[in-house]
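Just below is one structure, and these are the notes that go with it.
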Amino acid sequence: MTVHPHAVLITRFYSAFANRDWATMASCYHTDVHFTDPAFDLRGPRAGQMWRMLCTQGRDLQLTFSDVRADDKVGAARWDARYTFSKTGRKVWNQINAEFEFRDGLIHRHIDRFDFWRWSRQALGVPGLMLGWSSFLRGQVQKQAARGLDAFMAKHG
């Protein structure tokens, strides 16, 4: 059985992530990539820079992935990240379902979906438990994530 080239691409992406090789991750993206998850909405090079930030700052990041599948147009995978959330020092086990669209043999659209309330309870403790379901907290996390990425990019180019 032949593995679809887009499934190979997804595997390359997550293998690089597991090894904190953000440059290889970014090379899997189309120049016009659009990445979204509950914390980020990024286009183009900012998506690759987000992975650079996460790979270089995530000191105890452990990543596993599975269920990689793809065809000519779309793909999907499941991945788990275990790490310490730097703002609170709390341990997080985030379970993510990823969806992909491809263009020119590269990832053009990447959507990560996870239970934000579950994540916020782990990462933020009581505030996440009390407000993790709210659009207010999600908006605050998005603003903080964007500011953090801007600061990282200003420092690291």
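The values are calculated or read from the model by the stated rules, or taken from the named source; none is laboratory data. Quick caveat, the model's predicted, so the values are computed rather than measured. Cβ: placed from backbone, ideal geometry, glycine included. Neighbour counts: every protein chain shown.
Side notes on the structure shown:
- Taken over region 41-54, the criterion of being touching a residue at least 40 places away in the same chain (Cβ under 8 Å) and either of a type in the set (Lys, Arg) or surrounded by fewer than 18 Cβ atoms within 10 Å (Cβ to Cβ) (or both) is satisfied by Asp41, Arg46, Arg52.
- When Leu131 is tested against the conditions (1) more than 16 Å from Phe40 (Cα to Cα); (2) touching a residue at least 12 places away in the same chain (Cβ under 8 Å), the lone failure is (2).
- Among (1) over 24 Å from Phe13 (Cα atoms); (2) touching a strand residue (DSSP E or B) at 6+ places or on another chain (Cβ under 7 Å) - the single one Trp133 does not satisfy: (2)
- Within region 110-126, residues that are farther than 14 Å from Ala39 by Cα sit with their Cβ atoms under 6 Å from residues that are part of a helix (DSSP H, G or I), at 6+ positions apart or across chains, in these pairs: Arg121/Gly128; Arg121/Leu129.
- Just so you know, in region 22-40 the residues that are without any contact (Cβ under 8 Å) to a residue 60 or more places away in the chain and surrounded by fewer than 17 Cβ atoms within 10 Å (Cβ to Cβ) include one that is nearest to Gln57 (Cα to Cα), and it is Ala23.
- Taking the conditions (1) modelled with pLDDT under 95; (2) buried (at least 17 other Cβ atoms within 10 Å of the Cβ) in turn, Gln57 satisfies each one other than (2).
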